[in-house]
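The values are calculated or read from the model by the stated rules, or taken from the named source; none is laboratory data. Nothing here was measured: the structure is a model prediction, and the numbers come from that model. Every residue, glycine as well, gets a Cβ built from its backbone with ideal geometry; the counts of neighbours run over all protein chains shown.
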Amino acid sequence: MCLGVSFVFLHGCSPGMSATIGTVTGSVVGLIPLSGLFAKVTLYPEGSVMDMEQELLNDVIREYRQLLEAGDLPAALPLIRQAAHWGDLESQILAADLYMNTLQDPAQALEYTRLAALNGDTDSMLNLGVMLRERREFDKAFYFIQKAAMAACPRAYEPLAAMYMMGQGTPRDLQQAKYWNLQGLEADPENAGLQRQHRVLEKAGC
């Protein structure tokens, strides 16, 4: 029978640990020393590649969570990035937040926010749109902010209305601006920005 094998590098293994490889499929069967690290070996039946990939992803996530709990961000960050590029939404959002708020790296924050937005996270769609708008990439910004608003993300209503008011990434359309402004006020009647926006629209005859 053909088998798939996954390897996960582990931290904290004793250099003197012996390695024993068994033949039980679908379970951890041993530890192999590789250049001072240890690789956890898991065997899978042929055709279970998706199970193997998910198990590998889960191991990476568990490993970086332990490192974060220990306060070791430099060691955790490569694993967070790896999980994010493998499509894990939680890791994409975490990477975006770390690069934006902790590491102060806007370019990397943009990259991981984009991954999370393309993975369907509505808050990330909005955040990406706002970041692109600040970069004056209005067409792309409008696309993601509108997508977030259409997915019922309340925070997207005000910037979408503003883009319609100013014709950023879309033809100027005060009726659409009014519609999204009212959607925002319905969701958050006390929002000062939406109230100011509403007064401007009223003065414009909307």
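Can you tell me which residue among E186, E190 is more than 27 Å from E90 (Cα to Cα), in a helix (DSSP H, G or I) and charged (D, E, K, R)?
E186
With respect to V200, is the statement that it is among the β-branched types (V, I, T), part of a helix (DSSP H, G or I) and under 30 Å from W86 (Cβ atoms) true?
Numbers: among the β-branched types (V, I, T): yes; part of a helix (DSSP H, G or I): yes; under 30 Å from W86 (Cβ atoms): no.
Criteria not met by V200.
Regarding M1, is this residue modelled with pLDDT under 95, assigned to a helix (DSSP H, G or I), loosely packed, with under 14 Cβ neighbours inside 10 Å and not β-branched (V, I, T)? Steps first, answer last, please.
Details: modelled with pLDDT under 95: yes; assigned to a helix (DSSP H, G or I): no; loosely packed, with under 14 Cβ neighbours inside 10 Å: yes; not β-branched (V, I, T): yes.
No.
Restricting to region 97-111, name every residue that is of a type in the set (D, E, K, R) and exposed (fewer than 14 other Cβ atoms within 10 Å of the Cβ).
D105
In region 105-131, how many residues are among the acidic types (D, E), under 19 Å from Q82 (Cβ atoms) and part of a helix (DSSP H, G or I)?
Total meeting the criteria: 1.
From R196, R155, grab the single residue that is more than 23 Å from D105 (Cα to Cα) and over 26 Å from the mean Cα position of the chain (by Cα).
Working: R155 fails: over 26 Å from the mean Cα position of the chain (by Cα).
Going through R196, R155 in turn, just one is more than 23 Å from D105 (Cα to Cα) and over 26 Å from the mean Cα position of the chain (by Cα): R196.
Scan region 134-146 and give yes if some residue there is in a helix (DSSP H, G or I), closer than 30 Å to L73 by Cα and not aromatic (F, W, Y), otherwise no.
Yes, some residue in region 134-146 is in a helix (DSSP H, G or I), closer than 30 Å to L73 by Cα and not aromatic (F, W, Y).
State the number of residues belonging to region 124-140 that are crowded, with 24+ Cβ neighbours inside 10 Å and either in contact (Cβ under 8 Å) with a residue 40 or more places away in the chain or closer than 18 Å to Q176 by Cβ (or both).
Counting residues in region 124-140 that are crowded, with 24+ Cβ neighbours inside 10 Å and either in contact (Cβ under 8 Å) with a residue 40 or more places away in the chain or closer than 18 Å to Q176 by Cβ (or both) gives 2.
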